[in-house]
Amino acid sequence: TQCAITNSIIDSIVEYECNSFSIFYAASEGLKRNNRLDCSGSEDDLSQKEVNEENMSRHFDYLERLLSISQSGWLAGTEEPSIADLHWVLALTNSPDGIFGELDKLKEFPMVKTLLARYTTLRGTLGGCPRYRL
């Protein structure tokens with residue numbers, strides 16, 4: 001039963017990550033171009049700034065709350081990092097430049113910065129990604 005609960009928590013954190021970035025995917029230049037949307041000018045810049053400051057701050061705040069109740073320092077409270085941690089770390093480190101506005105935004109979220117540092121350190125101890133031959 002505990003395993004099912006933990007798996008549900010992990011799934012919900014992964015789903016939250018997917019939903020958190022949906023606004024960026026919807027606002028992406030490719031989507032605008034493919035749907036012939038004209039989103040140029042200062043109004044678009046203002047919208048992007050609002051998304052960066054308000055939307056992502058809310059999501060980082062949620063991550064901070066998760067990490068504050070975690071006894072292990074991982075998002076789902078698991079002993080080792082889960083797929084939920086991987087989803088968020090990859091999303092935060094592989095996002096296009098400027099997606100969060102000022103990258104210093106994370107200074108307001110020290111636990112998220114610690115999560116990124118922990119995962120980066122752990123990844124370094126695991127070695128590189130294996131290469132597969134097809």
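Laid out as a table, the results:
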item	result
Among (1) among the hydrophobic types (A, V, I, L, M, F, W, C); (2) modelled with pLDDT of 85 or more; (3) loosely packed, with under 13 Cβ neighbours inside 10 Å - the single one L46 does not satisfy	(2)
Restricting the range 82-113 to residues that are part of a helix (DSSP H, G or I) and of a type in the set (D, E), the residue that is modelled with the lowest pLDDT	D104
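The values are calculated or read from the model by the stated rules, or taken from the named source; none is laboratory data. These figures come from a predicted structure and were not determined experimentally. Every residue, glycine among them, receives a Cβ derived from its backbone with ideal geometry; neighbour counts consider all protein chains shown.
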